[in-house]
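A.B. asks: Structure provided below as structure tokens; questions to follow.
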Amino acid sequence: MLHLIAFDSSDAANAALTQCNALASEFETISNNGIIIGSWPMILGATAYSAHLSRAQFRAPSLQVPDYPLITPVAVARPTSAIHQIWTNWVSGPPTVKVGEALLAYEQHSTSTEHVYIIALLADKVPAPVNVPFRTMRLTGTTTLTADAWSNCAMTFDDQLPFGNYDIVGARNEGASPIAARLSFPGWPSRPAMPSVIAAKPDDIGTDRLFRAGTLGVWGTFQSTQQCTLEVLATAADTAQTLYLDLVGPK
């Protein structure tokens with residue numbers, strides 16, 4: 001089970017690590033401006049961005065030894081294609097937070113007041129890759145997003161799916177200014193997700209390798225008659241969303 005969380009602050013320049021605000025949603029409980037860890041104690045990976053970012057770090061009581069994990073490298077100049085070209089991958093040995101603790105995020109940047117974004121992919125266990133035939137389906141949405149918040153977007157498949165159950169083994173989200181996106185199907189207890197891609201220049205082969213084609217195992221299963229929605233975190237009020245799902249099925 002995968003779940004993505006985010007932190008989003010507009011902070012003044014700071015000479016030391018400063019806490020970044022946890023981004024609230026119906027799936028997160030906030031305490032001490034951090035996110036309470038429930039069913040997903042492992043941090044599989046993370047990314048951090050601001051225009052002049054120098055350091056980013058997670059903190060929780062159970063992460064203190066030998067030291068709080070640093071997100072490194074950080075994205076100090078957002079490329080026109082996406083922030084997630086820089087992704088700290090901990091899949092082979094993920095930091096683990098004790099259930100019930102608050103996971104806090106900290107950042108340090110050198111110049112002016114600017115937005116800072118930190119996202120982390122959580123899991124209940126280290127995912128087992130799957131190597132099976134899959135098809136990729138395209139979905140689109142036309143929701144007007146709210147900048148710097150999770151916006152829920154109704155998504156429509158370009159082509160009708162044959163009836164049956166499908167496993168999702170990868171995904172990709174594109175838009176004008178998205179940071180990250182989370183999948184939502186009825187009955188799912190988590191929000192598996194991916195860092196997003198700026199649609200104008202989608203040349204992010206490295207991250208596609210991690211978030212596509214079964215590398216992170218099965219994200220979840222849905223029935224063809226269920227409606228898919230996409231929760232998007234973006235920097236502006238975009239009005240168009242594109243989603244690609246790698247699917248195994250029908251079963």
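A.B. asks: Under the condition of being surrounded by fewer than 19 Cβ atoms within 10 Å (Cβ to Cβ) and at pLDDT below 80, which residue from region 79-105 is nearest to residue 4 (Cα to Cα)?
C.D. replies: 85
A.B. asks: Take the conditions in the same structural domain as residue 116 (by TED's automatic domain parsing), assigned to a loop (DSSP other than H, G, I, E, B) and modelled with pLDDT under 90 and apply them to residue 15. Does it pass?
C.D. replies: So residue 15 fits the description; yes.
A.B. asks: Where the second residue is assigned to a loop (DSSP other than H, G, I, E, B) and of a type in the set (A, V, I, L, M, F, W, C) and the first is over 19 Å from residue 120 (Cα atoms) and lies in region 179-193, which pairs have Cβ atoms under 7 Å and are six or more apart or on separate chains?
C.D. replies: Between residues of region 179-193 that are over 19 Å from residue 120 (Cα atoms) and residues that are assigned to a loop (DSSP other than H, G, I, E, B) and of a type in the set (A, V, I, L, M, F, W, C), the close pairs are 185/228.
A.B. asks: Show the residue pairs that are 6+ apart or on different chains and have beta-carbon atoms under 7 Å apart, the first residue being within region 208-233 and of a type in the set (Asp, Glu), the second being buried (at least 19 other Cβ atoms within 10 Å of the Cβ).
C.D. replies: Partner pairs satisfying both residue conditions: 208/172; 231/150; 231/151; 231/181; 231/182; 231/184; 231/191.
A.B. asks: Could you say which residue among 37, 43 is touching an Asp or Glu at 6+ places or on another chain (Cβ under 6 Å), at pLDDT 90 or above, β-branched (Val, Ile, Thr) and buried (at least 18 other Cβ atoms within 10 Å of the Cβ)?
C.D. replies: Among 37, 43, only 37 is touching an Asp or Glu at 6+ places or on another chain (Cβ under 6 Å), at pLDDT 90 or above, β-branched (Val, Ile, Thr) and buried (at least 18 other Cβ atoms within 10 Å of the Cβ).
A.B. asks: Same structure again: Go through (1) assigned by TED's automatic domain parsing to the domain that holds residue 222; (2) touching a residue at least 60 places away in the same chain (Cβ under 8 Å) one by one and return the number of the condition residue 105 breaks.
C.D. replies: It fails just one condition, (1).
The values are calculated or read from the model by the stated rules, or taken from the named source; none is laboratory data. The structure presented is a predicted model; accordingly, all values stated were derived computationally and were not measured. A quick note on method: Cβ atoms are made from the backbone with ideal geometry, for glycine too, and the neighbour counts reach across all protein chains shown.
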